[in-house]
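Enquirer: Would you mind keeping the following structure in view while I ask a few things?
The values are calculated or read from the model by the stated rules, or taken from the named source; none is laboratory data. Just so we're clear, the structure is a prediction, and the values are computed from it rather than from any experiment. Don't worry about glycine lacking a Cβ; one is built from the backbone with ideal geometry, like all the others, and counts go over all protein chains shown. In case anyone asks, the SASA skips ligands and DNA or RNA and just uses the protein heavy atoms, side chains included. Shrake-Rupley method; radii C 1.70, N 1.55, O 1.52, S 1.80 Å.
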Amino acid sequence: MGPGAVEDQERESGPLVFQRGKKLNDEYYIVSVRDNTESAIVKFFAYELENSETFDLCYSYADFDALFKSHPELVNPANKEGRYDWVVDRLDFTTDSNGTSKRLKLAAEPTVEEEGHPVKSGSMQKSVPLERRLTYSERTRLRVEAEKLEEKRAANIALKSEKNRKAFVTELQEKRKLEELKASARRQRIDEERAERREKKEMQKRIAEERLKRYEDNEKNREAAITTLEADRKTRDLALIRDIIDTYSEKKEALTKRLEDARQRKKEEEESSAMSAAARKEAEDKLNRKRQDKIAERNDRLKQAEREYLELRKAKIEQINQEKHQTEVKKQEYLKEKAARRAAQLREKHEKIEAWERQDDQRTHYNLQKEHARNMLMLDHIESLRQKHSQEQAEAAARKEASLQERREREAKEAEALAEEVRRRADVEQKRISKIAEREALREAKKQSILRPHPKLKTAEALSARDQVELVANARERHREEKTRQRHLRVEQEVAMAEVNSVREEKIRTRERTRDLEFARKVKEDKEREKQRELELQARKIEKNMQEQKMAKKNHQLQQEKKRQAEELNRQRDESLQRRAMARSMVEEVPAAAAQ
């Protein structure tokens, strides 16, 4: 507290007449007493050593005398030190209904201090009148008590720090245990998922092996059946040959015609099968191209939506920054205008004060200097608050820009990973289709090689080949349906992933909007508090100026009244002198007239 503040406090509350230390609620306080004879009040101030808070209790002279009516030893007003000591012994704190603030009160009994002993009137530090100096023993006692207060305060601070440290260590250990439990549960879940994937992979492998074994068994059975049929056919053919040797020449033409018809039918069937296969392949290619086009369109729509969202967000951010800049410019202009208006009002007030207070130039000059220093201090404080607010806004904008850049990079990486996965799946699908085609070609070639060595039995073999072609076509159709179903499943999975991504992006946008609204609300509350603080400061200044004007007006009225009373006394004295002179002249004229 500077010299100017001490002088203001002494002028408002009066001079310091009593001071001593006291312990309340395990906290150490310095209790000071100030006596203001002009306002006829006595104020008790309790200054807390730990957090520098000050609490006061005020009494008028009449209320203060009423406290000691039942105490004969303190009824005498001259025993001021005993009275002050009696009140300080009974000081205590009371809190409001919310328990947030506390104030001084006077208890009915003396408050207890260390180890439950009540404070005695002579046990604590006594006040030292300001009219005499402290002796060496009093200074030593005061220094020892101050050192004790510092030691107790340090011990209390160390106790609180140790308590806070233990609470922090306990909380940290609990958090560590919770993290360990989470990690163990996560590891257990990962192990279970790995075991499930391993079992699923083994099951798929076992199913594939069983399917391959079943195919091999079917192939062996088919070859055995074909061998049996061929042997039977050879036996029957030999018998038939022996039966039809005699009629061979007659039936040769009919047989040739039938064989030609069979060849023609086989050729037509092969052409129709080739045309149907080509049509199916063309339909498959068309479906694949259409699917690729749809996937490309969906990716383009997603990229376009992302670009539109980023452009909209950028525009919103620029708009908010522009609004903040305009608000800051308006605030600066308002502050400048307010400062200019305040300076004009101060100059006008100072001119009025100089008009009716020319006899007190030294006091007026001192008041002007103090007011100017206070104004400069207020302007410096406002400027520091403005700089602090600008710095906080810049830091918040930098954090927001960094978060946005990080999210953009993360989304770009996710999009690249998704595109790479789609390309990899397309490559795998293409390779699988080519492998299937090669396998079918090999199987067809093998079948043709088996059926080729029997030219005389082409009709029956053609029928068997047609049956085999139909079986292969059915197998291909089932395989194609399975691929279509798997493709649909993949598309559904991709749609589900897109929905999940959209929900996640919506949540991110909602969270960012909530954060922006919270930040705007905090900025608005800070501005409102700053405005309220400025209004309160201006109100206090206006009230103080009004009080000074009232005091000046009152002093002026007192001076005018004294001047009028002096003029009245001078007039009465002059009239009395005139009356005495007239009486004396009349007394002197009477003997002169008698002598004549």
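Enquirer: Suppose the filter is out of contact with any helix residue (DSSP H, G or I) (no Cβ under 7 Å at 6 or more places or on another chain) and under 27 Å from LYS446 (Cα atoms); does ASP237 pass it?
Expert: When the stated conditions are applied, ASP237 passes them.
Enquirer: Kindly establish whether ASP237 is in contact (Cβ under 8 Å) with a residue 12 or more places away in the chain, among the charged types (D, E, K, R) and either open to solvent by less than 90 Å² (accessible area, probe 1.4 Å) or touching a Lys or Arg at 6+ places or on another chain (Cβ under 9 Å) (or both).
Expert: Spelling it out, ASP237 is indeed in contact (Cβ under 8 Å) with a residue 12 or more places away in the chain, among the charged types (D, E, K, R) and either open to solvent by less than 90 Å² (accessible area, probe 1.4 Å) or touching a Lys or Arg at 6+ places or on another chain (Cβ under 9 Å) (or both).
Enquirer: Filter the stretch 325-355 for residues that are closer than 20 Å to GLN393 by Cα and open to solvent by 70 Å² or more (accessible area, probe 1.4 Å) and give the result.
Expert: HIS325, GLN326, LYS330, LYS331, GLU333
Enquirer: Next up: Given ALA315, ALA262, ALA305, ALA283, which one is modelled with pLDDT of 85 or more, over 30 Å from LYS524 (Cα atoms) and small (Gly, Ala, Ser)?
Expert: ALA283
Enquirer: Looking at this structure, is ILE207 farther than 29 Å from LYS446 by Cα, open to solvent by less than 90 Å² (accessible area, probe 1.4 Å), free of Cβ contacts under 8 Å to residues at least 12 places away in the same chain and in a helix (DSSP H, G or I)?
Expert: no
Enquirer: Let me ask something else about it. Step by step: first the residues of the stretch 163-177, then only those that are open to solvent by 90 Å² or more (accessible area, probe 1.4 Å) and not charged (D, E, K, R), then the one that is nearest to GLU27 (Cα to Cα). Which residue is that?
Expert: If we take residues in the stretch 163-177 being open to solvent by 90 Å² or more (accessible area, probe 1.4 Å) and not charged (D, E, K, R), then ASN164 is nearest to GLU27 (Cα to Cα).
Enquirer: Inspect all residues belonging to the stretch 86-102 and state whether any of them is open to solvent by 30 Å² or more (accessible area, probe 1.4 Å), more than 21 Å from LEU24 (Cβ to Cβ) and in contact (Cβ under 8 Å) with a residue 24 or more places away in the chain.
Expert: Within the stretch 86-102, not a single residue is open to solvent by 30 Å² or more (accessible area, probe 1.4 Å), more than 21 Å from LEU24 (Cβ to Cβ) and in contact (Cβ under 8 Å) with a residue 24 or more places away in the chain.
Enquirer: Please count how many residues of the stretch 143-162 are open to solvent by 100 Å² or more (accessible area, probe 1.4 Å) and at pLDDT 85 or above.
Expert: Number satisfying all stated conditions: 1.
Enquirer: Next question, about the same structure. Restricted to the stretch 63-85, and to residues that are outside any loop (DSSP other than H, G, I, E, B) and open to solvent by 80 Å² or more (accessible area, probe 1.4 Å), which residue is modelled with the lowest pLDDT?
Expert: PRO72
Enquirer: Quick check on ARG399: is it part of a helix (DSSP H, G or I), basic (Lys, Arg) and farther than 18 Å from PHE519 by Cα?
Expert: The answer is no for ARG399.
Enquirer: Shifting gears a bit: How many of the residues in the stretch 311-357 are over 43 Å from the mean Cα position of the chain (by Cα) and within 22 Å of LEU517 (Cβ to Cβ)?
Expert: Of the residues in the stretch 311-357, 0 are over 43 Å from the mean Cα position of the chain (by Cα) and within 22 Å of LEU517 (Cβ to Cβ).
Enquirer: While we're here: Inspect all residues belonging to the stretch 378-386 and state whether any of them is under 19 Å from ASP516 (Cα atoms) and either open to solvent by 50 Å² or more (accessible area, probe 1.4 Å) or not in a helix (DSSP H, G or I) (or both).
Expert: No - not one qualifying residue is present in the stretch 378-386.
Enquirer: Residues of the stretch 103-114 being modelled with pLDDT under 80 and outside any loop (DSSP other than H, G, I, E, B), which ones?
Expert: VAL112, GLU114
Enquirer: Could you tell me which numbered condition GLN19 fails, if it satisfies all but one of (1) closer than 30 Å to TYR366 by Cβ; (2) open to solvent by less than 80 Å² (accessible area, probe 1.4 Å); (3) assigned to a loop (DSSP other than H, G, I, E, B)?
Expert: Answer for GLN19: the failing condition is (3).
Enquirer: Report the residue count in the stretch 533-558 for those that are of a type in the set (Lys, Arg) and open to solvent by less than 100 Å² (accessible area, probe 1.4 Å).
Expert: The total comes to 2.
Enquirer: What do you reckon, is LYS507 closer than 30 Å to ILE353 by Cα and open to solvent by 80 Å² or more (accessible area, probe 1.4 Å)?
Expert: no
Enquirer: Give all pairs with beta carbons closer than 6 Å in which a residue from the stretch 134-146 that is at negative phi meets a residue that is open to solvent by less than 50 Å² (accessible area, probe 1.4 Å); count only pairs at least 6 apart in sequence or on separate chains.
Expert: LEU134/VAL128; GLU145/GLN125
Enquirer: Restricting attention to the stretch 288-307, does a residue exist that is open to solvent by less than 100 Å² (accessible area, probe 1.4 Å), in contact with a helix residue (DSSP H, G or I) (Cβ under 6 Å, 6 or more places away or on another chain) and not basic (Lys, Arg)?
Expert: No, the stretch 288-307 contains no residue that is open to solvent by less than 100 Å² (accessible area, probe 1.4 Å), in contact with a helix residue (DSSP H, G or I) (Cβ under 6 Å, 6 or more places away or on another chain) and not basic (Lys, Arg).
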